[in-house]
Amino acid sequence: MRKALRWLLALGVLIGTLGTAGTAGAATTARSAATTTDIKDRLLSIPGMSLIEEKPYTGYRFFVLNYTQPVDHRHPTKGTFQQRITVLHKDVSRPTVFYTGGYGVSTTPSRREPTQIVDGNQISMEYRFFTPSRPDPADWTKLDIWQAASDQHRIFRALKKVYDRNWISTGGSKGGMTATYYERFYPQDMDGVVAYVAPNDVVNREDSAYDRFFAGVGTKECRDRLNAVQREALVRREPLEKKYAALAAENGYTFRTVGSLDKAYEAVVLDYVWGFWQYNLLQNCADDTLIPPDAKNATDDQIWTSIDTVSGFSFYTDQGLEPYTPYYYQAATQLGAPTIHFPHIEKKYLRYGYQPPRNFVPQDIPTKFQPRAMRDVDTWVRHNARHMLFVYGQNDPWGAEPFRLGKGAKDSYVFTAPGANHGARVDGLVGDEKALATARILQWAGVPAAAVNRAEPLARYDAKLDVRDVEREPTLRP
């Protein structure tokens, strides 16, 4: 294994050296002229680009921008909307990382792991239909993976004129899915793809992989402890729902979308075990303040606090669901969603079971599932993946249905970080896999061969800038 990895590293360096030598001189004159213009002026000279604000950060320029996009890329004359992007600018001579989380975009300067590795610029995109990047009126039929990939394609083409070195796309969770879909539809744009913890629900009705995952994740002691708290929350449904009603009254929460407080309560409780493994590590199971060690003898407040801390009782309210309507719409139309079972809970305590994403979309927004969408992407990745890296966490439920590579894939990899959750990173890989993943990212970014050989991040870790938290999204949603 070690010899094979060393051979791959050496081959990649050789290919990169040959590929970049012939073009460097030709672009020198154009780049020299461009550097005399302020980067803000260059960005704002792009048709359709406008400035929202610039925020200072030492060593960078950080811009929050709007970019005019067609509502429908197939019919670009039929309306436009403003899509937010951010630009973390370091230098036009550096590689560029194209990031999206698949949801809204943060307007606080941050640097994703590949950006630190290549010491580059970072473009971050807000996914269409997440406010404020939502057409008005909202035609929900224009929210699909191809339209979103086309958003990225137009942004890339516009900014490639400014940032003309290599580009790598990345994202975590739904963002990892987004980076993969973008590559499927526009495989000529990026020089590499780094997709973190990206779920791959190929056949929506076949979800047994998740049940197998929960039967073996972590240790039996931890699984039993979590299962006991989850079951106890349903056994004590009546007194705990009174607490829920009081919470709702105090905060003005309503339940029109999901249908009732009772349905919302069960949804929160059934998210509990999944939510623990998605956002916690095995050692957190021993925290008595988080997971009561003796659920049957725990107080109502202890059970409530544990469920609320892990799952969040505010989430399935109308107010909690509304920001994620675009996600649930996509899950109900293309992405799919897991259905899991609860063998440790007697049927008499389950009134609704695991609810489908349609239940979390307002009824006035119609949905129709398209089973071919994920099959198409999965087939493409297996047979056509080029310069793609998938990173998963060993204890992350979403890794139960990962992307896999077939014989047609070239210079692409699927690695798993031991013990990691939904926050798995290249930094969490071990041994040769970590070195290889880092080297491939550097190689795809087009940095000098010496840096590729070292296989270490080119920028120092910055506690404020480098985001290392778990992609925090709806519990049990990617």
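Just so you know, all these numbers are worked out from the coordinates, no wet-lab data involved. No experiment lies behind these values; they were computed from the predicted model shown. Heads up, the Cβs are rebuilt from the backbone with ideal geometry, glycines too, and the neighbour counts pull from every protein chain shown.
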Worksheet, complete the sentence: Scan of the chain for GluC sites (Glu not before Pro) in DSSP loops with at most 14 other beta-carbon atoms within 10 Å gives a longest site-free stretch of 1-205
Item to complete: Express the relative contact order of the chain as a whole percentage, based on alpha carbon pairs under 8 Å and six or more residues apart in sequence.
Response: 18 percent
Response to the item:
Here segment 57-66 yields Karplus 3J(HN,Hα) values (6.51, -1.76, 1.60; θ = phi - 60°; whole Hz; Gly and Pro given as x) of 7, 4, x, 9, 10, 10, 10, 9, 10, 10
Discussion item. In the chain, if the dipole is taken from +1 on Lys/Arg beta carbons and -1 on Asp/Glu beta carbons about the Cα centre, which of Met49, Leu281, Ile345 is farthest to the positive end?
Written reply: Met49
Worksheet item: What's the FRET efficiency of Arg386 with Lys160 using the Cβ-Cβ distance as r and R₀ = 22 Å, to the nearest 0.05?
Response: 0.75
Worksheet, complete the sentence: Taking r as the C-beta separation of Glu322 and Asp211 and R0 as 25 Å, the FRET efficiency to the nearest 0.05 is 0.20
Worksheet entry | Charged-residue dipole, Cβ positions (Lys, Arg, Asp, Glu), the chain about Cα centre, Debye nearest 20 | 1460 debye
Worksheet item: Which Cα, out of Pro292, Pro366, Phe63, lies furthest along the positive dipole direction of the chain (beta carbon charges, K/R +1, D/E -1)?
Response: Phe63
Worksheet item: Quick one: if you stick a label point 7 Å off each Cα along the C-beta vector at Thr131 and Tyr349, how many nm between them?
Response: 3.7 nm
Fill in: Where Rh is the Kirkwood radius over Cα pairs, Rg/Rh for segment 343-434
1.11
Discussion item. Students often get this wrong: which residues of segment 160-204 have the backbone nitrogen under 19 Å from the point 7 angstrom along Cα-to-C-beta of Thr80?
Written reply: 160-162
Worksheet item: Taking segment 253-302, which trypsin sites (Lys or Arg not before Pro) meet the DSSP loop condition and have no more than 16 other C-beta atoms within 10 Å?
Response: Arg256
Practice prompt. Working from the alpha-carbon coordinates of segment 122-184, get Rg over Rh, Rh being the Kirkwood radius.
Written response: 0.98
Fill in: Summed side-chain charge close to Asp72 - residues other than Asp72 whose Cβ falls under 10 Å, Lys, Arg +1, Asp, Glu -1
+2
Discussion item. Based on alpha-carbon centroids, what's the gap between segment 211-235 and segment 364-408 in Å, whole number please?
Written reply: 27 Å
Worksheet item: For Glu238 and Thr141, what is the calculated FRET efficiency with R₀ set at 51 Å and r taken between the beta-carbons, to the nearest 0.05?
Response: 0.75
Worksheet item: What is the extension gain from Val202 to Glu54, computed as 0.36 nm multiplied by their sequence separation minus the C-alpha to C-alpha distance, in nm to one decimal?
Response: 49.2 nm
Discussion item. So for each of 349-362, 439-452 I average, over its residues, the number of other beta carbons within 10 Å; can you give me the resulting order with the highest mean first?
Written reply: 439-452, 349-362
Worksheet item: If you average the sequence gap of Cα pairs under 8 Å that are 6 or more apart and divide by the length of segment 261-357, what percent do you get for the contact order?
Response: 36 percent
Worksheet entry | Net charge dipole size for segment 138-199 [Lys, Arg +1 and Asp, Glu -1 on Cβ; Debye, nearest 20] | 140 debye
Worksheet item: Which of the peptides 403-410, 233-240 is most tightly packed, and how do the rest follow, going by the mean number of other Cβ atoms within 10 Å of each residue?
Response: 233-240, 403-410
Worksheet item: When the convex hull of the C-alpha atoms of the chain is computed, what volume per residue in Å³ does it have?
Response: 155 Å³
Item to complete: Describe numerically, in nm with one decimal, the distance between label points set 7 Å from Cα along Cα→Cβ at Lys296 and at Asp224.
Response: 1.2 nm
Practice prompt. Would you list which lysines come within 25 Å of Lys142, measuring only between C-alpha atoms, while excluding same-chain residues fewer than 8 positions from it?
Written response: Lys78, Lys174, Lys368
Worksheet entry | Sparsely packed trypsin sites (Lys or Arg not before Pro) within segment 51-150, loop by DSSP, other Cβ within 10 Å at most 10 | Arg74
Worksheet item: How much length is gained if the chain between Asn453 and Thr289 is pulled fully straight, taking 0.36 nm per residue apart and subtracting their Cα-Cα distance, in nm to one decimal?
Response: 54.4 nm
Item to complete: Using a cut-off of under 18 Å, list every residue of segment 150-191 whose amide N is near the label point 7 Å from the Cα of Asp376 along the Cα-to-beta-carbon line.
Response: 150-154, 177-189
Worksheet, complete the sentence: In segment 346-408, taking the dipole from +1 charges on Lys and Arg beta carbons and -1 charges on Asp and Glu beta carbons about the Cα centre, the listed residue (His387, Val377, Trp398) farthest towards the positive end is Val377
